[in-house]
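To keep things clear, I will list the structure first and then write my remarks on it.
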Amino acid sequence: MVSLCLNSLPLPPSSHPKRLTETSLSSSSFSNGSVGTALKPIVVSGNPPTFVSAPGHRIVAVGDLHGDLDQARSALEMAGVLSSDGEDLWTGGDAVLVQLGDVLDRGDDEIAILSLLRSLDIQAKANGGAVFQVNGNHETMNVEGDFRYVESGAFDECADFLEYLNDYQYDWEGALAGWCSMSRRWTDEQKMSRNNWGPWNLVKRQKGVISRSVLFRPGGPLACELARHAVVLKVNDWIFCHGGLLPHHVSYGIERMNMEVSKWMRGLIDKDSSPHMPFIATKGYDSVVWNRLYSRDISDLEACRINQINAILEETLQAVGAKAMVVGHTPQYLGANCAYNCSIWRIDVGMSSGVLNSRPEVN
């Protein structure tokens, strides 16, 4: 989970992985006028968002969060988009924040993170900025009903949130945006009763599993929330996706993929005439959310293989009209870095306590 100031990142001529260093947050190289000139407004195309024009705006990318709210807050604070006073206020001004997916699984506070990001998006838009999310493989797994990596605390959170949503009379916008702060009180109030359940209480677990199924099934409230987000997002001349984009994905159409995944998550796919899932984006080792081609350690690869991957990456970027791609999905044990002439930035450092518990990196 790393944040980058992408507007100021250079693209040095090197085919070897590069560690990120502290970089100025200035976006003057992308400004359209002199200092003090008002920035052009952010323009979004596609539903879910696929193409974003944000000339002059600072762009910050944050990688995999995996249910760790404390680490998520730390990274967002270091990126300069979240207040450090515990009030969860947007401090990024007109910046654009992009979260690279895998908010879900391996941690206890998944819905709280989704709530925080939704609240920040509302605040950011009021200040001329924006928050975007792309879906990762753990988002698609949960909508598919694959709960293998769900922590017991996350099942508890689902049960709590479903009760909270009912108390909110299913006012979804208000309920989701307010859950991040409200969840602390719910957790504290139920801590004693949870301790008395015991780790193997089947009734408690069943309640959590049922609640999660209701929330994340195609057409469920949280599945529909995820359906608002793309699997591939282009902001200016940067491509953001969880695993990696390949030439055949571009040929298929990135807006088409986004729409198909969104329809599936909202439960709108006709089972009689279409696949149950948009496989090209969500299933298989070469799908957008699972692909690890660009994230491998180059030191382990032969020169011919490096050249082959570089050619695939260049073909993809040229086809989509981008200068570089930013991905998560694969933890980088030595920290966030770029490779292939810095045409690919790998920003998942496994910061969640459920993964590597590594420190935040802000650049």
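The values are calculated or read from the model by the stated rules, or taken from the named source; none is laboratory data. Here the structure is a predicted model, which means the values were calculated and not measured. No Cβ is skipped: glycine too gets one built from the backbone with ideal geometry, and neighbour counts run over all protein chains shown. The protein model used for the area step is the full one, side chains on, heavy atoms only, and it has no ligands, DNA or RNA in it. Shrake-Rupley method; radii C 1.70, N 1.55, O 1.52, S 1.80 Å.
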Where 290, 172, 264 fall by accessible area, highest first, once all protein chains stay in place (1.4 Å): 290, 172, 264
Potential lengthening between residue 186 and residue 301 on full extension [0.36 nm per residue; Cα-Cα distance subtracted]: 36.5 nm
Relative contact order for segment 201-299, counting Cα pairs under 8 Å that sit 6 or more residues apart, in percent: 28 percent
Area accessible to solvent at residue 73, 1.4 Å probe radius, in Å²: 30 Å²
Accessible area of residue 144 in the full protein assembly, 1.4 Å probe (Å², nearest 10): 80 Å²
Distance (nanometres) between label positions extended 7 Å along Cα→Cβ at residue 252 and residue 152: 3.9 nm
Residue 330 - accessible surface, heavy atoms, 1.4 Å probe, Å² rounded to 10: 20 Å²
Qualifying chymotrypsin sites (Phe, Trp or Tyr not before Pro) in segment 119-170, DSSP loop, other Cβ atoms within 10 Å at most 12: 170
Computed lengthening from residue 333 to residue 89, 0.36 nm per intervening residue step minus Cα-Cα distance: 84.7 nm
